[in-house]
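Visitor: Once you've had a glance at the structure underneath, I'll fire off some questions.
The values are calculated or read from the model by the stated rules, or taken from the named source; none is laboratory data. These figures come from a predicted structure and were not determined experimentally. Positions of Cβ are generated from backbone atoms using ideal geometry, with glycine treated the same way; all protein chains shown enter the neighbour counts. When the accessible area is computed, the model is the full protein with side chains, heavy atoms only, and any ligands, DNA or RNA have been set aside. Shrake-Rupley method; radii C 1.70, N 1.55, O 1.52, S 1.80 Å.
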Amino acid sequence: FPAERIRNFSIIAHIDHGKSTLADRMLEMTGTIDKTQDNRQILDKLQVERERGITVKAQTATMVYEFEGQQYLLNLIDTPGHVDFSYEVSRSLQACQGVILLVDANQGVQAQTFANFYLAFSKNLPIIPVLNKIDLKNANPERVIEQLSSIFEIDAESVLKVSAKQGTGVNELLQAVIDRIPPPPSDRNLPAKALLFDSWYDKYKGVALLMAVHNGSFKLGQHITLAHANKSFEIKEIGIMYPEPTPLTSLYAGQVGYIYCNMRSVKEAAVGDTIHLLSSPVEPFPGFAKAKPMVFAGVYPMDQSEHTQLRSALEKLLLNDPSVECAVESSPALGNGWRLGFLGVLHMDVFNQRLEQEYGTQVVLTAPSVPFKIKLKNIKSIKKTGDILMVNNPEKMPNVQHIEESFEPLVTGTIITPSVYLGDIIALCLERRGVQIDSRNIDSERLIMIYKLPLNEIVVDFYDKLKSLTSGYASFDYEDAGYESSNLSKLQFLLNGDPVEELSVIVHTSKAREVGKQVCSKLRDTIPRQQYQIQVQACVGGKIVAREDIKALRKDVTQKLKYGGDINRRNKLLKRQAEGKKRMRMVGNIEVPREAFIKVLQR
Ligand code: GTP
């Protein structure tokens, strides 16, 4: 195929607007997959993706389409369906010359549509607006077209209408892809150069690299390297996704395909990197950045005896997800575990679900935290003065006396909602320290609201709250908005005056009392009464902000047997109690069961 007869495009859509169904239909209509075959939604591969109906890992497919007597090679480059992966979305878009903006004709424009539109728009890509699900009884194409023109200034004439489910309009859409999207710019005479836009791990063949070839060609047996890694690899297999990996002998400029090259770790294949021949270096594609984790959480086995099992489950998952950061961590209360860094909240949820589902391991996942930046004071006695420390673990928070200024990460959040919920949403955002940037109508019933919010305020339950406030009608999306100075405090917990370091959290000072109260009452409810009274306190820099008491109680397990108890039975009970104690952590002279820590630390 000459480059003029190649088209590389993506479908961008809000969750559930029908991206996978449309992709399936396109593959069917081009004969790439069999109609009768039971491989619906070939693009969504993981179990958790199926269950949650979201695409996490992008899957790409090539098809051949005949139009006006000519054969065209169409490369559908799938993009991950969620905000957490916006860097990956942006890299996938880099490999395309145009996009299909797919909007549910019943639901209309949603937060993700908005975010994805601007990603494509900022790259100057031609956008084909498409309404899906026009077969639905309550579809309201006219209203959605009005939204598209009012928000994005899209010309009503250019909007296509399809039913991905029934196949209506899909042929016209494939023709529009050929008509409205330009062929990839490419030069087959220049040295080989390709953009790496996705990768995955195959048990037998190692890492597969998905790439869009920009210049020249890549052939089986050639030695390649990546601009941002200094290692070389031999191409062991090269081919296209048709839709399963289909080996060829070479890939030419304009094409999209995969290579296997005995790469053993996805960490070596950073999305956005430039692939070239070892013998002829090229100018790398601009804008390369490594995805940076923004949400951190500790992961521990429910029971320490499952530590090895959990480790091997984690290792397997990490093989496929280079964007998860992982470091060994141990806590006196929870034992040996790991601290993981994720791109965002959904990324964390998906990872945790995979861990539990695919490996059958129950894990303790601690409440997520975000990376704060702490500027240290210039004090001679501390080693690093005036430095900026990244703190993603409260235990690493320096002493108040050493802190010059603290900063926290912010996001720009987009909310699209029926107008009736306006008041509730404003209240929620206010409670989460949000600042309104914009709020306007997108049609007679819907609003778009833009807020600046601290990431720390949305990592736990913002999305769930928003959904329940609006009966599921509001959609939310966010993007990174840098760091801002903030009044942060380390909130500590004390049992009879002894600090329990692993319970510490970093909070905005205005939230210290509220969070302190919550945790103190959880501790009161989960720590069993002991021979003496226990004071549970929350404090910030030595000042008590919340307090609960656990009354004293004498607990004698042999009491029932005082009169005429059998000695063996008595010993057995004492032994059982001793075993129970092993699972306790001593804080001063107070026994705290592991369950209490789990209750407080778990999300
Ligand atoms: P993500 O992978 O999460 O981005 O979702 P998606 O956009 O791929 O959505 P998917 O294709 O899974 O479709 C979501 C739901 O809408 C499914 O239940 C589909 O059967 C249904 N659906 C998709 N297209 C149509 C359509 O044209 N008409 C009707 N009635 N339903 C459709």
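Visitor: Taking the stated definitions as given, is Gln37 at pLDDT 90 or above and either away from the ligand (no atom under 13 Å from the Cβ) or not in a loop (DSSP other than H, G, I, E, B) (or both)?
Guide: Here the answer is no, as Gln37 does not meet what is asked.
Visitor: Say whether the condition of being over 22 Å from Asn392 (Cα atoms), touching a residue at least 24 places away in the same chain (Cβ under 8 Å), of a type outside the set (A, V, I, L, M, F, W, C) and not in a strand (DSSP E or B) is met by at least one residue in region 437-449.
Guide: Looking for residues that are over 22 Å from Asn392 (Cα atoms), touching a residue at least 24 places away in the same chain (Cβ under 8 Å), of a type outside the set (A, V, I, L, M, F, W, C) and not in a strand (DSSP E or B), one finds at least one in region 437-449, hence yes.
Visitor: Continuing with this model, one more query. Please find, within region 400-450, the residue that is modelled with the highest pLDDT out of those that are surrounded by 18 or more Cβ atoms within 10 Å (Cβ to Cβ) and touching a Cys at 6+ places or on another chain (Cβ under 9 Å).
Guide: Met449
Visitor: With the condition kept exactly as written, say whether any residue in region 503-517 is modelled with pLDDT of 85 or more, open to solvent by 40 Å² or more (accessible area, probe 1.4 Å), among the β-branched types (Val, Ile, Thr) and outside any loop (DSSP other than H, G, I, E, B). It would help to see each step written out before you state the result.
Guide: Taking region 503-517 as the starting set, the residues that turn out to be modelled with pLDDT of 85 or more are 503-517.
Applying the additional criterion that residues be open to solvent by 40 Å² or more (accessible area, probe 1.4 Å) yields 505, 509-510, 513-514, 517.
When the remaining residues are screened for being among the β-branched types (Val, Ile, Thr), the result is 505, 509.
Next cut, outside any loop (DSSP other than H, G, I, E, B) only: 505, 509.
For region 503-517, residues modelled with pLDDT of 85 or more, open to solvent by 40 Å² or more (accessible area, probe 1.4 Å), among the β-branched types (Val, Ile, Thr) and outside any loop (DSSP other than H, G, I, E, B): present.
Visitor: Before we move on, is Glu408 without any contact (Cβ under 8 Å) to a residue 40 or more places away in the chain and of a type in the set (Asp, Glu)?
Guide: No: the conditions fail for Glu408.
Visitor: Can you pull out the residues in region 267-290 that are crowded, with 22+ Cβ neighbours inside 10 Å and of a type in the set (A, V, I, L, M, F, W, C)?
Guide: Hits for region 267-290 are Ala269, Val271, Ile275.
Visitor: OK, next. What number of residues within region 158-179 are modelled with pLDDT of 95 or more, of a type in the set (D, E, K, R) and surrounded by fewer than 17 Cβ atoms within 10 Å (Cβ to Cβ)?
Guide: Residues that pass the stated criteria total 2.
Visitor: Within the group Leu131, Leu93, Leu74, Leu119, which residue is open to solvent by less than 10 Å² (accessible area, probe 1.4 Å), at pLDDT below 95 and on the phi < 0 side of the Ramachandran plot?
Guide: On the way: Leu131 fails: at pLDDT below 95; Leu74 fails: at pLDDT below 95; Leu119 fails: open to solvent by less than 10 Å² (accessible area, probe 1.4 Å).
From the options Leu131, Leu93, Leu74, Leu119, the qualifying one is Leu93.
Visitor: Here's something else I'd like to know. Report whether or not Leu251 is open to solvent by less than 10 Å² (accessible area, probe 1.4 Å), farther than 22 Å from His228 by Cβ and touching a residue at least 12 places away in the same chain (Cβ under 8 Å).
Guide: No: the conditions fail for Leu251.
Visitor: Only one of Leu22, Leu27 is within 11 Å of the ligand (Cβ to nearest atom), modelled with pLDDT of 60 or more, on the phi < 0 side of the Ramachandran plot and part of a helix (DSSP H, G or I); which?
Guide: Leu22
Visitor: Hey, can you tell me all the residues within region 587-603 that are modelled with pLDDT of 75 or more and not in a helix (DSSP H, G or I)?
Guide: Val587, Gly588, Asn589, Ile590, Glu591, Val592, Pro593
Visitor: Would you confirm, using the coordinates I've provided, whether Asp187 is under 29 Å from Tyr87 (Cα atoms), open to solvent by 50 Å² or more (accessible area, probe 1.4 Å) and out of contact with any helix residue (DSSP H, G or I) (no Cβ under 6 Å at 6 or more places or on another chain)?
Guide: Answer is yes for this residue.
Visitor: If I filter region 195-241 down to residues being under 18 Å from Ser92 (Cβ atoms) and among the β-branched types (Val, Ile, Thr), which single residue comes out as surrounded by the fewest Cβ atoms within 10 Å (Cβ to Cβ)?
Guide: Ile240
Visitor: Give the residue, chosen from Ile145, Ile178, that is away from the ligand (no atom under 15 Å from the Cβ), over 26 Å from the mean Cα position of the chain (by Cα) and closer than 30 Å to Ser439 by Cα.
Guide: Ile145
Visitor: How do the pairs read when you match residues in region 154-168 that are farther than 19 Å from Lys19 by Cα with residues anywhere that are within 13 Å of the ligand (Cβ to nearest atom) and open to solvent by 30 Å² or more (accessible area, probe 1.4 Å), using Cβ under 9 Å and keeping only pairs 6 or more apart or on different chains?
Guide: Once the first residue is farther than 19 Å from Lys19 by Cα and sits in region 154-168, no partner that is within 13 Å of the ligand (Cβ to nearest atom) and open to solvent by 30 Å² or more (accessible area, probe 1.4 Å) comes close enough.
Visitor: Just to verify a result, which residue in region 98-109, among those that are surrounded by fewer than 24 Cβ atoms within 10 Å (Cβ to Cβ) and within 11 Å of the ligand (Cβ to nearest atom), is nearest to Ile415 (Cα to Cα)?
Guide: Gln107
Visitor: OK, next. Scan (1) within 30 Å of Glu237 (Cβ to Cβ); (2) open to solvent by 10 Å² or more (accessible area, probe 1.4 Å) for the single condition Phe114 breaks and write down its number.
Guide: (1)
Visitor: Check off (1) surrounded by 17 or more Cβ atoms within 10 Å (Cβ to Cβ); (2) in contact with a Lys or Arg (Cβ under 9 Å, 6 or more places away or on another chain); (3) assigned to a strand (DSSP E or B) for Gln530 and give me the number that stays unchecked.
Guide: Against the list (1) surrounded by 17 or more Cβ atoms within 10 Å (Cβ to Cβ); (2) in contact with a Lys or Arg (Cβ under 9 Å, 6 or more places away or on another chain); (3) assigned to a strand (DSSP E or B), Gln530 comes up short only on (3).
Visitor: Could I ask something else about it? Sort through Ser468, Ser486, Ser521, Ser475 and tell me the only one that's touching a residue at least 24 places away in the same chain (Cβ under 8 Å) and more than 19 Å from Leu455 (Cβ to Cβ). I'd like the intermediate steps shown before the answer.
Guide: Working: Ser468 fails: touching a residue at least 24 places away in the same chain (Cβ under 8 Å); Ser486 fails: more than 19 Å from Leu455 (Cβ to Cβ); Ser475 fails: more than 19 Å from Leu455 (Cβ to Cβ).
After applying the criteria, what remains is Ser521.
Visitor: For the structure I just gave you, tell me whether Gln537 is over 27 Å from Leu428 (Cβ atoms) and not hydroxyl-bearing (Ser, Thr, Tyr).
Guide: Working: over 27 Å from Leu428 (Cβ atoms): yes; not hydroxyl-bearing (Ser, Thr, Tyr): yes.
The answer is yes for Gln537.
Visitor: Please list, ordered by residue number, the strands (runs of 3 or more DSSP E) wholly in region 277-386 having 1 or more residues that are on the phi < 0 side of the Ramachandran plot, over 18 Å from the mean Cα position of the chain (by Cα) and in contact (Cβ under 8 Å) with a residue 60 or more places away in the chain. I'd like the intermediate steps shown before the answer.
Guide: Numbers: elements: 295-301, 325-331, 335-342, 363-365, 372-376.
By residue number, 295-301, 325-331, 363-365, 372-376.
Visitor: For region 110-125, does any single residue satisfy the condition of being over 21 Å from Thr412 (Cα atoms) and within 13 Å of the ligand (Cβ to nearest atom)?
Guide: no
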